[in-house]
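Novice: Before we start, here is the structure in question, set down as structure tokens.
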Amino acid sequence: MMKLPEDFLFGGATAAYQAEGATQEDGKGKVPWDDYLKKEGRFSPDPACDFYHQYPKDLELSEKFGINAIRVSIAWSRIFPEGYGRIEPRGVEFYHKLFKECRKHGVEPFVTLHHFDSPSTISEQGDWLNEKNIQRFVEYAKFCFEEYQDEVKYWITINEPTSMSSQQYVTGTFPPGEKNNFNKCFQAEHNMNLAHARVVNMFKKNGYKGEIGVVHALQTVYPNSESEEDKHAAALQDTLDIRCYLDGTLNGNYSKETMSLMNEILDSNHQAHIKIKDEEIKELTKAADQMDFLGVNYYFSKFIKAYHGTSEIKHNGTGKKGSSVSRLQGIGEQVNRTDIPMTDWDWPIYPKGMYDMLMRIKKEYPKNSKIYITENGLGYKDHFIDADTPVDDQPRIDYLHDHLVSVAKAIQAGVNIKGYFVWSLQDMFSWTNGYSKRYGLFYVDFKTQKRYPKKSAYWYQKLSETKELK
Ligand code: BGP
């Protein structure tokens, strides 16, 4: 039997665009997703799980089920509908009400400033590729720090910059849907590192109360065999997925090896190297020295083999097992392994990858002192029977259990992990998979917006009470 620490936080995670719904309400400004999803015509971000109106219910349930922390994000375009300039008081007020409700229920809010939802004006002006937008992000962050300083202690600058940049410009699964533009992808990566750093440096300079960190998607990338070719392909994939972000935000500089692997990817794709100024590295270093915590999102690992063709991507956004393809020019091919369990969306279930990642951060990024697991969970086709029968989501319980064992082992091995957030608190909308890929501890009937605790909610409640993992 393993035990998690007494002061460990048991959280649930959400994100504004995936949970709130109400995308047209109270003067909210547009985001690129609004038109992108309409054009795709597969699913709508409304009503999501109507968190905009149902949050008191969700926080009541959180308290009842021993969930003492929640990840929420602020929708930038609720506060600044155009991204800068005019402020929308109804948006400002909504988050006051939300944070007060969290406090009322003893649920600690961890607040993300940017979770994939730049306002449309910002995105039309080049999103993270435009330096002006970095300044606008800093101004928006400053507004939030001042406005909510009595209500929020934990701030997160950006959620998963890697998912944002690679899906915007390489796989084309996020708006604007560009493919194979590694130059834009790496430039956006660097610019997001910089935006994060400027916000951290401003937070510390102005002496705001509380703590600040960043959240990264950290899948472990393994070579599919011991061959040198596969090992090199894995190193290239690792560079695209995480190394630039870890170097940029945890070390505050890109190692020679990282730069050389990044440039190799750009050269193989006949694309220009990115622009990095010396002063910017100084800003990154200063932020890395001052950042309070790292948020780790972990869902799966990747197994990569060498690949010498042109890029080919097929996204499994329907839950049809085995339908995904990922072969990237100048990088490698993702192998769908048959010896490792996979979700219906082709995500390998590999808890050891989480342990390996936590140990890698400890070893390779010693400046980082504290970690929260800010997302981990299983996308599953839950089956609702009736209100009196909790949804039987045993595979989710097994998934959460096995990953929490990895967390407990990493703590034993000296990694300072202070809490864990299940993705997700309640069922909600998934960016590229819609409503059938459910993650919640609470089942949501999207028609009535009623919530029903799943078997996993009861399991999590017990864990939060006893801290014991079998
Ligand atoms: C992370 C995001 C979340 C959430 C989760 C599950 O990358 O931070 O916003 O969506 O993944 O992903 P998906 O909904 O694609 O299954």
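Novice: K30: which lysines have alpha carbons under 16 Å from its alpha carbon, excluding same-chain residues fewer than 8 sequence positions away?
Specialist: Filter leaves K38, K39.
Novice: Looking at the range 138-209, how many pairs of lysines come closer than 20 Å at the Cα, when each pair is eight or more places apart or spans two chains?
Specialist: Total qualifying Lys-Lys pairs in the range 138-209 comes to 7.
Novice: Starting from 0.36 nm per residue, how many nanometres of slack lie between S255 and R86 once their C-alpha separation is accounted for?
Specialist: Computed gain between S255 and R86 is 56.8 nm.
Novice: First check a/c for the range 290-344, with a ≥ b ≥ c the square roots of the eigenvalues of its C-alpha gyration tensor; if it is under 1.5, answer rounded, and if not, answer prolate when a/b is larger than b/c or oblate otherwise.
Specialist: oblate
Novice: On to the next question. From a point 7 Å beyond the Cα of E312 in the direction of its Cβ, which residues of the range 337-373 have a backbone N at a distance under 20 Å?
Specialist: From the range 337-373, the list is 337-338, 346-347.
Novice: Sorted by packing (mean other beta-carbon atoms within 10 Å per residue), highest first, where do 77-88, 388-399 land?
Specialist: Result, highest mean first: 77-88, 388-399.
Novice: Residues with amide H under 5 Å of D382's amide H, sequence separation 5 or more or different chain, H placed in the peptide plane at 1.01 Å from N; which?
Specialist: Amide H neighbours of D382, under 5 Å, 5+ apart: R438.
Novice: Each residue of the range 159-170 in order: what ³J(HN,Hα) in whole Hz does its phi give by Karplus 6.51 cos²θ - 1.76 cosθ + 1.60, θ = phi - 60°, with x for Gly and Pro?
Specialist: Once rounded to whole Hz, the list reads 8, 6, x, 5, 5, 4, 5, 6, 7, 6, 10, 10.
Novice: What shape does the range 124-194 take by its C-alpha gyration tensor, where a ≥ b ≥ c are the square roots of the eigenvalues and a/c under 1.5 counts as rounded, a/b above b/c as prolate, and the rest as oblate?
Specialist: Taking the square roots of the gyration eigenvalues as a ≥ b ≥ c, the range 124-194 is prolate.
Novice: In sequence order, what are the phi-derived ³J(HN,Hα) couplings for the range 280-295 according to the Karplus relation 6.51 cos²θ - 1.76 cosθ + 1.60 with θ = phi - 60°, rounded to whole Hz, with x for glycine and proline?
Specialist: Taking θ as phi minus 60°, the curve returns 5, 5, 4, 5, 4, 5, 4, 5, 4, 6, 10, 5, 8, 7, 10, x Hz for the range 280-295.
Novice: Taking amide H positions as placed in the peptide plane 1.01 Å from N, state which residues far from E108 in sequence (5 or more) or on other chains have amide H under 5 Å from it.
Specialist: A69, I70
Novice: Around N336, with a cut-off of 13 angstrom between Cβ atoms, what is the net charge of the other residues, counting Lys and Arg +1 and Asp and Glu -1?
Specialist: +3
Novice: Under 5 Å between amide hydrogens, which residues at least 5 positions from I212 or on another chain qualify, with H placed 1.01 Å from N in the peptide plane?
Specialist: Placed amide hydrogens put W155, D292, F293 under 5 Å from I212.
Novice: Based on C-alpha coordinates, I'd like the Rg and Dmax of the chain, in Å.
Specialist: 20.8, 62
Novice: Counting only other residues whose beta carbon sits under 11 Å from that of K314, what net charge do I get with K and R as +1, D and E as -1?
Specialist: Neighbour charge sum, excluding K314 itself: 0.
Novice: Something else now. Using 7 Å Cα-to-Cβ label points, what is the V325/S44 separation (nm, one decimal)?
Specialist: In this crude label model, V325 to S44 measures out at 3.4 nm.
Novice: Can you work out the Karplus-derived ³J(HN,Hα) for every residue in the range 49-61? Use 6.51 cos²θ - 1.76 cosθ + 1.60 with θ = phi - 60°, whole Hz, and x for glycine or proline.
Specialist: Values per residue, Gly and Pro as x: 9, 6, 4, 4, 10, 8, 4, x, 5, 5, 6, 5, 4 Hz.
Novice: On to the next question. Return the whole-Å distance between the Cα centroid of the range 104-160 and the Cα centroid of the range 427-469.
Specialist: 26
No lab work stands behind these numbers, since they all come straight from the coordinates. Please read all numbers here as calculations on a predicted model, not as lab measurements. So basically every Cβ, Gly included, is an ideal-geometry build from the backbone, and we count neighbours across all protein chains shown.
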